[in-house]
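Single-structure report; data block below.
The values are calculated or read from the model by the stated rules, or taken from the named source; none is laboratory data. Quick caveat: nothing in here was measured; it's all calculated off a predicted structure. Positions of Cβ are generated from backbone atoms using ideal geometry, with glycine treated the same way; all protein chains shown enter the neighbour counts. When the accessible area is computed, the model is the full protein with side chains, heavy atoms only, and any ligands, DNA or RNA have been set aside. Shrake-Rupley method; radii C 1.70, N 1.55, O 1.52, S 1.80 Å.
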Amino acid sequence: MGKDLSELSDDFRPLAERLLQLCADAGIAVRVIDTGRTPEQQETYLKLGTSWTRNSKHLTGHAIDIAPEQLLTEKLWAPKSPLWYRLGEIGESLGLKWGGRFKGKFDPSHFEMPTAGG
């Protein structure tokens with residue numbers, strides 16, 4: 001698991017950088033939790049139940065997980081905090097797919113490059 005933006009694909013990295021900048025502009029300090037993953041790391045996340053697919057966009061450098069600094073000490077990172085929804089709005093304003101809208105799995109720290117056609 002990486003936390004370095006250099007692990008992101010050339011087409012996704014500028015969007016991730018803009019996401020981080022817009023969060024800072026909004027006064028929300030965020031921490032990068034995850035960028036790239038190896039297939040072995042993805043398998044580990046599947047076994048732990050913290051990922052739900054073998055086709056994660058983290059594997060191709062087209063996803064980033066971020067979290068508000070102030071929530072990192074809260075139980076389960078305070079999943080009902082309005083800060084998550086503010087991050088989601090910021091990411092979606094860039095055209096990113098936000099994990100807070102995933103069907104069946106609420107993953108508010110996750111942002112990814114949308115697939116063609118949606």
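At-a-glance table
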| item | result |
| --- | --- |
| Net charge of neighbours whose Cβ lies under 15 Å from the Cβ of GLU69, counting Lys and Arg as +1 and Asp and Glu as -1 | +1 |
| Reported label for calculated Cα Rg over 2.2 N^0.38 Å given [x] 1.16; [y] 1.90; [z] 0.99 | [z] |
| Distant-in-sequence amide H partners of HIS62 (H built 1.01 Å from N, under 5 Å) | SER9 |
| Residues whose placed amide H lies under 5 Å from that of ASP34, excluding near-sequence neighbours | ASP65 |
| Given charges at beta-carbon only (K, R positive; D, E negative), |dipole| of the range 46-118 in Debye | 340 debye |
| Leading residue at positive end of dipole, the chain (Cβ point charges), from GLN41, PHE106, GLY2 | PHE106 |
| Å² per residue, accessible surface of the chain at 1.4 Å | 57 Å² |
| The range 23-118: relative contact order as a whole-number percent, Cα under 8 Å and 6+ apart | 25 percent |
| Number of Lys pairs (Cα under 22 Å; 8 or more positions apart or on different chains) in the range 14-118 | 12 |
| Residue among LEU19, LEU87, LEU76 with the largest mean-square fluctuation in a Gaussian network model of the chain, springs linking Cα atoms under 10 Å | LEU76 |
| Total formal charge among the other residues, if their Cβ is under 9 angstrom from that of ARG31, Lys/Arg +1 and Asp/Glu -1 | 0 |
